[in-house]
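S.K.: Attaching a single structure in structure tokens format; questions to follow.
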Amino acid sequence: MTLNSLVSGGCIISGSVVVQSVLFPRVRINSFCNIDSAVLLPEVWVGRSCRLRRCIIDRACIIPEGMVIGENAEETRSFLPFRRRYCTGHA
């Protein structure tokens with residue numbers, strides 16, 4: 001479900017909630033995610049059960065399953081890189 005968001009062509013949102021966010025082309029959001037006030041640049045892949053709040057995710061980042069970004073600054077900074085590059089949330 002998307003509320004008050006801008007979703008570009010080629011995005012796939014599968015059973016997740018997206019509120020007040022901007023999704024660039026070819027963004028994939030898997031099931032059970034909560035995306036709030038976020039900007040996801042092209043080709044971002046978000047794993048299942050993620051929570052992204054008040055963050056900007058760079059092009060082609062892969063957010064692993066269960067990741068929480070933007071809710072707790074210390075916890076966000078502590079996670080390890082996953083696949084392509086290190087992605088940090090905006091606290």
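S.K.: Under a 5 Å amide H to amide H cut-off, with H placed in plane at 1.01 Å, what residues pair with VAL68 once short-range neighbours are removed?
M.R.: ARG51
S.K.: Cut-off is 10 Å between beta-carbons; in what order do ARG59, ARG28 appear when sorted fewest neighbours first?
M.R.: Fewest to most other Cβ atoms nearby, the residues stand as ARG59, ARG28.
S.K.: Starting from the Cα-Cα distance between GLN20 and ARG54, subtract it from 0.36 nm times their residue separation and give me the gain in nm to one decimal.
M.R.: Roughly 11.3 nm would be gained on extension.
S.K.: Further question on the same structure: What shape does region 1-76 have by the C-alpha gyration tensor, where a ≥ b ≥ c are the square roots of the eigenvalues, rounded means a/c under 1.5, and otherwise prolate means a/b greater than b/c and oblate the rest?
M.R.: rounded
S.K.: State to the nearest 20 debye the size of the charge dipole of region 2-77 about its Cα centre, where the only charges are +1 on K and R beta carbons and -1 on D and E beta carbons.
M.R.: In total the dipole reaches around 160 debye.
S.K.: Which ordering of LEU40, LEU3 is given by a fewest-first count of other beta-carbon atoms within 10 Å?
M.R.: Going from sparsest to densest Cβ surroundings: LEU3, LEU40.
Here, each number is a calculation from the coordinates, and none is a lab measurement. All values derive from a computational prediction rather than experimental measurement. A quick note on method: Cβ atoms are made from the backbone with ideal geometry, for glycine too, and the neighbour counts reach across all protein chains shown.
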